[in-house]
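Notes for the one structure printed next.
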Amino acid sequence: MMYHSTRGGMEPRPFSDILLEGLAPDGGLTIPVTLPTVSADQLESWRPLSYPQLAYQVLRLFITDIPAQDLETLVNAAYSRDVFDDDSIVPLKPLNQGMTLLGLSQGPTLAFKDMAMQFLGQVFEYVLTARNEKINILGATSGDTGSAAEYALRGKQGIAVFMLSPQGRMSAFQRAQMYSLQDENIHNLAIDGVFDDCQDIVKQLAGDLDFKAKYRLGAVNSINWARIAAQIVYYFWGWLRATSRPGQEVSFAVPSGNFGNILAGHLARQMKLPVRRLVLATNENNVLEEFFRTGVYRPRSAEQTHATSSPSMDISRASNFERFVFDLLDQDTRRVSETWAALATHGEFDLSHLQPLFESRYGFVAGTSTHQDRVDTIRTVYQETGTLIDPHTADGVKVAAQYVEAGVPMLVLETALPAKFADVIHEAVGIDAPVPAHLRDLAERPQRVTNLACDAELVRQYIAQHAVT
Ligand SMILES: *Cc1c(COP(=O)(O)O)cnc(C)c1O
């Protein structure tokens, strides 16, 4: 299995070569040269498998340059009962109105990003060790991604993490989650500024190519192919658990921001998993819903991006979207390059002539929710089923409800647990969201964080002193 770029300017390379890179050298995103497909017989043979066994079967289709036994060991370590708080790793829970939750948030940070990050942590360490290399991960976070990366990379050989967060702007729960990590290779840097200031410092340091090369700076952002590959697994898992016969269709509803999660669903469907619809749910930041409704992709500015009660979906542009448009444009790398050149010039692009295909060929439909929709949905689901859902998952449930069809299971991806967003839960149902037993003493744990003024030079000095080299 080899990988090339959506824009055509990269010689095919194996998985381990693209693992540690961000963008492809031509500015595009890496994708398989040929997507594997899975036959109905093969799918049936996977029914008895546990989650890690299934993950191994799916990931080996994409990772052919790591010996099979080693890959199996990595997958077993990533998806173990020590890491995930459920015997099945990904439980399914029936909801109201014919919907079912796909429980992707049983990992250490209570959000679906653990599903991909835990595998990423294992495979990073493996490849770095094999190549006798080291890497210093530099990132900025407003909450979920940074903590998922820290929990996946804590204690790993040859890896240090420098995670910038805006001082005093995360929830107490999110702060405690990140800052209570005592591992020496994890560095929490609380910056006296907002998230965009943190992001600017990261861009400035990563843009200094001498500094970047000297300290081997890397990133674990949502365009990383290993994360997408690991996410494909749970679409297969959801289908296997929700169906009982070959070819039976299911639909998936996905709370979306950067288009990483639902891209994995699209790829699973292209691999011939029997998926009827992919229901894309956004909040008030509806860049993607607008695209699927009109065919026009119009990213927003930071000022036009709303701060909502499903904050992990507050995006202005969808960083993984190019991989879907690549398929939409019949994998024509020249047209993808032209489309992104038009985006750079005009701030938007128009594929409205292809809009009829979005649903008929690719199964995509989309919808949005407001804060009031999420609060109402959390309350209704709780009253009708006794299950509490978080505001992101509520975005998914609200939009999914419009697309439920008799005889087609509707799996809504649970992207976070309600404990992470206690104030919205309180507003909706007037009770405190239950905190998993292993986190009840979180607030009392000692915290380890370095406060820094909003100055890239200070971060540069800190990295120079603490980097693994
Ligand atoms: C990251 C995140 C999302 C959005 O996922 P994308 O892959 O960016 O579309 C949704 N919900 C939660 C809780 C998240 O952390």
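The listed residues are LEU43, LEU49, LEU35, and the only one of them that is part of a loop (DSSP other than H, G, I, E, B), farther than 22 Å from MET2 by Cα and of a type outside the set (Ser, Thr, Tyr) turns out to be LEU49.
A Cβ distance below 8 Å, combined with a sequence gap of six or more or placement on separate chains, defines the contacts here; from the range 320-347, residues that are without any contact (Cβ under 8 Å) to a residue 60 or more places away in the chain and at positive phi reach residues that are within 16 Å of the ligand (Cβ to nearest atom) and not in a helix (DSSP H, G or I) in the pairs GLY347/PRO299. Considering only residues in the range 210-229 that are β-branched (Val, Ile, Thr) and either surrounded by fewer than 18 Cβ atoms within 10 Å (Cβ to Cβ) or not in a helix (DSSP H, G or I) (or both), the one that is farthest from the ligand (Cβ to nearest atom) turns out to be VAL220. Inside the range 246-255, residues that are closer than 12 Å to GLN231 by Cβ and near the ligand (Cβ under 8 Å from one of its atoms) make up a count of 1.
So, GLY396, is that one under 22 Å from ASN285 (Cβ atoms), of a type outside the set (A, V, I, L, M, F, W, C) and buried (at least 17 other Cβ atoms within 10 Å of the Cβ) or not? Yes: the conditions hold for GLY396.
For the range 200-209, filtered to residues that are of a type in the set (D, E, K, R) and not in a loop (DSSP other than H, G, I, E, B), the residue that is farthest from the ligand (Cβ to nearest atom) is ASP200.
The residues of the range 304-318 that are assigned to a loop (DSSP other than H, G, I, E, B) and either more than 25 Å from GLY27 (Cα to Cα) or more than 8 Å from the ligand (Cβ to nearest atom) (or both), listed by number, are GLN304, THR305, HIS306, ALA307, THR308, SER309, SER310, ASP314, SER316, ARG317. Filtering the range 267-303 to residues that are touching a strand residue (DSSP E or B) at 6+ places or on another chain (Cβ under 8 Å) and in a helix (DSSP H, G or I) leaves ALA268, ARG269, VAL287, LEU288, GLU289, GLU290, PHE291, PHE292, ARG293. Within the range 58-91, the set of residues being surrounded by 17 or more Cβ atoms within 10 Å (Cβ to Cβ) and outside any loop (DSSP other than H, G, I, E, B) comprises VAL58, LEU59, PHE62, LEU71, GLU72, LEU74, VAL75, ALA77, ALA78. Scanning the range 376-426 for residues that are part of a loop (DSSP other than H, G, I, E, B) and of a type in the set (Gly, Ala, Ser) turns up GLY386, ALA406, GLY407.
Within the range 421-439, residues that are closer than 20 Å to PRO311 by Cα reach partners that are among the polar types (S, T, N, Q) with beta carbons closer than 6 Å, at six or more positions or on different chains, in the pairs VAL424/SER309.
Scanning the range 418-443 for residues that are charged (D, E, K, R), away from the ligand (no atom under 16 Å from the Cβ) and touching a helix residue (DSSP H, G or I) at 6+ places or on another chain (Cβ under 9 Å) yields GLU427, ASP432.
Each reported figure results from applying straightforward, stated rules to the coordinates on display, with no laboratory input. Just so you know, these numbers come straight off a predicted model, no measurement behind them. Virtual Cβ from ideal backbone geometry, glycine too; neighbours counted across all protein chains shown.
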